[in-house]
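The values are calculated or read from the model by the stated rules, or taken from the named source; none is laboratory data. This structure is a prediction, so every number in the text was calculated from the model and none was measured. With ideal geometry, Cβ positions are generated from the backbone for all residues, glycine too; neighbour counts draw on all protein chains shown. Accessible surface is based on the protein model in full, side chains and every heavy atom, while ligands, DNA and RNA are left aside. Shrake-Rupley method; radii C 1.70, N 1.55, O 1.52, S 1.80 Å.
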Amino acid sequence: MRYSDVVVVGGGPAGAVAAHAAAQAGAKVLVLERSPRRPPRCTGLVGPRLLELLGLPRALVLRELSAVRISGPGGTAVEVRAPSPRGYVLDRTGLDRWLLERAQEAGAEVWAPGAAVGLDRGVLRTTRGPVGFGVLVGADGPGSAVRRWAGLPAPGEALVGVQALVRGSSSEEDAVEVHVGRSVAPGGFAWVVPGGEGDLRVGLLTTAGREADVFLDRFLRRRFPGARVLRREAGLVPVGPPVRTVGDRVLLVGDAAGQTKPLTGGGLLFGAVAARIAGELAARGPGALPEYEGRWRRGLGPEIAFGLRARRVFLGLSEPELDRLVAALGHPALRELVAEAGDVDAPSRLARAFLARPAVWGALLPAVGLLRALFPFSDLPERDRSG
């Protein structure tokens, strides 16, 4: 029977980062990737921290973004432009390939295709035969089989994300569009993100379940009538990590552990931060696993908690309140503050910047007294430790 110190189920970004970290630490590592040719179901919009954390080559960056255009349900729209790029659109297929190759260069072995089909008494059953392991890392997505086999709880909520790759005409565009409102994306938002030359990533995140495609079709007809859709994709997006992500010789990372941003559903940065910790500890053996829970939660927990609170407030806003909030963001003082302190990876930074400038508090008064609900002042994270 084959044996590896660390077996990683899932060869996406979180799995590849965990495998790289474990292999660098000297462990014998095996990665199983079920569907190596499946296109990633991800927009690929990230902040600068992921580029820095992983040392990504610039060739993986398709576009730099400096502005966001926010549209409310009643048609109110505001553009906020930063003096320098705040977001980066990645070649997601290229990112997955680069991260797996980096793990292999560090010494990890990759089975692609190779799937885990069961866990029995400490032995992982796979399509290539049984594999013994010291530590099993579940990086197999929101519907994680590893999580189920290990008896670990699921994330708090699962949203549906749907996206279409559309042939557009935004070769020089450096702005992302965000559209909010129940008629657009119930319980979430819609987006338009410029990608490669002439391509747009148009999608939405919603609580509408099986109706998600209906809302996407409606949004496409309104925003891009007659546009050519090159490809569609859909998937579940976990929001809110479970109470436990460590089992008997098992760790969960990435979407399997609900390590996503509650406001946007983005998981690349948070998954990579946790995966590095997971890989380092897994390489030390089962005795080191109890450290994982505390370490990743100290790094990511405050920002996730803030995002969950902000999401609850967002879900409670009426359509008129959403419109008034968007309109308030057009106030020159607020627009300047958002341009200066807005952070796709750490929304709580904007809240702290807002608190530090009492002169701009009045700008949000038209939003029907939402100040305290939107920014729970008493327990904001003291500082960003998300990597």
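The residues of region 65-169 present an accessible area of 42 Å² per residue when probed at 1.4 Å with all protein chains retained. Relative to one another, the C-alpha centroids of region 283-351 and region 1-77 are positioned 20 Å apart.
Antiparallel beta bridges, as assigned by DSSP with both residues in the chain, represent about 70 percent of the total such bridges.
For region 19-97, the residue among Val61, Gly47, Ser35 whose Cα projects farthest onto the positive side of the dipole built from Cβ charges is Ser35.
Taking the chain as a Gaussian network of alpha-carbon nodes connected by springs under 10 Å, the highest mean-square fluctuation of the residues Leu268, Leu99, Leu119 belongs to Leu119.
What a 1.4 Å probe finds exposed on the chain is 52% carbon and sulfur by accessible area, rounded to a whole percent. Projecting label points 7 angstrom from Cα along Cα→Cβ for Arg249 and Val313 puts them 4.6 nm apart. Between Asp213 and Arg295, residue separation times 0.36 nm minus the direct Cα-Cα distance comes to 25.7 nm.
Rolling a 1.4 Å probe over the heavy atoms of the protein chains gives region 176-305 an accessible area of 38 Å² per residue. Once Cα extents along the principal axes in Å is worked out from the coordinates, which option in (1) 60, 55, 36; (2) 101, 46, 36; (3) 66, 49, 37 does it equal? Computed from these coordinates, Cα extents along the principal axes in Å corresponds to label (3).
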